[in-house]
Amino acid sequence: MRRKIIAGNWKMNTILAEATDLAKAISSGVNPEKSTVIFFPPFPFLQNVREVIANASNFSIGAQNLSSKEGGAYTGEVSAKMLTSIDMEYVLVGHSERREYFNEGDNILFEKLNQSFENGLKPIFCCGEPLGERSSGNHVQYVGDQIRNVLFLLTPQQLNSTIIAYEPIWAIGTGQTASPEQAQEMHLLIRDVLKEKFEPEMVESISILYGGSVNAGNALSIFGQKDVDGGLVGGASLKVNDFLDIIKAMESIG
Ligand code: 13P
């Protein structure tokens, strides 16, 4: 059985009081039993949010980013070691906003994954095609290559502790979500590509999340797809009632 995961990527939103209020309202509003809920707050609030969820079962926390370097003279960077020293469990790697606005390519992403594994962080590796690749019908090749270029360099053990998120860029923050069929097609593709290199049985145990305009209205139909194991939610993760409904949708599935 694959672990079901609902992750909230808060991006560069909230100030301290809003972050702790949000975490409090959500963690006291639902008791997830079948799924793990992970908050990804901004760096300065990680400790505070961690304290809020300390006694909430099946809630966890991670960082939105980490440095590809181990440590040293890299002003403004945050290392994997720093994150594990404050009990972070997860980290996002390869989000399309990092790839696009901060020029993070395959080599950097591989280094970030290595930093995560060396320090005991579980990465959520994000992939997904821009609109142009989807329109020209090249999305299968594009996402397949994102997986091959980075995840094929991992050891089986490393891949086994990786979560994947498929986030088509055209669906992020646009309100134009992928259809359940489009999501299922791409999640199956990702699994098939991984099977070119890794043991099929192990690949079947990897959770693949969908991200891109997930909301309370569409969550159930997307999460109901066979190869969709949860969601990586942006905008709707900042709204208490919407995010609670998304968690409940996941919980209502078998
Ligand atoms: P939205 O849910 O706002 O489309 O964002 C998705 C996302 O980028 C999560 O990482």
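The values are calculated or read from the model by the stated rules, or taken from the named source; none is laboratory data. Quick caveat: nothing in here was measured; it's all calculated off a predicted structure. FYI the Cβ positions are ideal-geometry reconstructions off the backbone, even for glycines, and counts take in every protein chain you see. What goes into the accessible areas is simple: the full protein's heavy atoms, side chains included, and nothing from ligands, DNA or RNA. Shrake-Rupley method; radii C 1.70, N 1.55, O 1.52, S 1.80 Å.
Can you tell me which residue within the stretch 211-228, out of those that are of a type in the set (G, A, S) and outside any loop (DSSP other than H, G, I, E, B), is farthest from the ligand (Cβ to nearest atom)?
Here the residue is S221.
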Residues of the stretch 119-135 classified as within 13 Å of A178 (Cβ to Cβ), of a type in the set (D, E, K, R) and touching a Ser or Thr at 6+ places or on another chain (Cβ under 7 Å), total: 0
For S27: the one exception among (1) more than 14 Å from the ligand (Cβ to nearest atom); (2) within 18 Å of the chain's Cα centre (by Cα); (3) surrounded by 20 or more Cβ atoms within 10 Å (Cβ to Cβ): (2)
Filter result for the condition that a residue is open to solvent by 70 Å² or more (accessible area, probe 1.4 Å) and not polar (S, T, N, Q), over K11, K34: K34
Candidates I253, I247 - the one that is under 20 Å from R3 (Cβ atoms) and assigned to a helix (DSSP H, G or I): I247
The stretch 115-148: number of residues that are within 15 Å of E185 (Cα to Cα) and touching a residue at least 60 places away in the same chain (Cβ under 8 Å): 2
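Scan the stretch 167-182 residue by residue and report those that are more than 11 Å from the ligand (Cβ to nearest atom) and either hydroxyl-bearing (S, T, Y) or under 15 Å from the mean Cα position of the chain (by Cα) (or both).
Hit for the stretch 167-182 is S179, nothing else.
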Which listed residue is more than 15 Å from the ligand (Cβ to nearest atom), at pLDDT below 95 and either at negative phi or surrounded by 15 or more Cβ atoms within 10 Å (Cβ to Cβ) (or both), from I206, I190, I147, I253: I253
Within the stretch 78-118, considering residues that are of a type in the set (S, T, N, Q) and closer than 22 Å to N58 by Cα, the one nearest to the ligand (Cβ to nearest atom): S116
Within the stretch 157-210, tally of residues that are part of a helix (DSSP H, G or I), closer than 23 Å to L121 by Cα and of a type in the set (A, V, I, L, M, F, W, C): 5
G72 being open to solvent by 40 Å² or more (accessible area, probe 1.4 Å), of a type outside the set (F, W, Y) and more than 24 Å from I5 (Cβ to Cβ): yes
Pairs where the first residue, in the stretch 195-213, is within 28 Å of A249 (Cβ to Cβ) and the second is acidic (D, E) and at pLDDT 95 or above, C-beta under 8 Å, 6+ apart: S207/D229; I208/D227; I208/D229; L209/D229; Y210/E167; G211/E167; G212/E167
The stretch 84-116, residues that are under 16 Å from I163 (Cβ atoms) and aliphatic (A, V, I, L, M): M88, V91, L92, V93, L109, L113
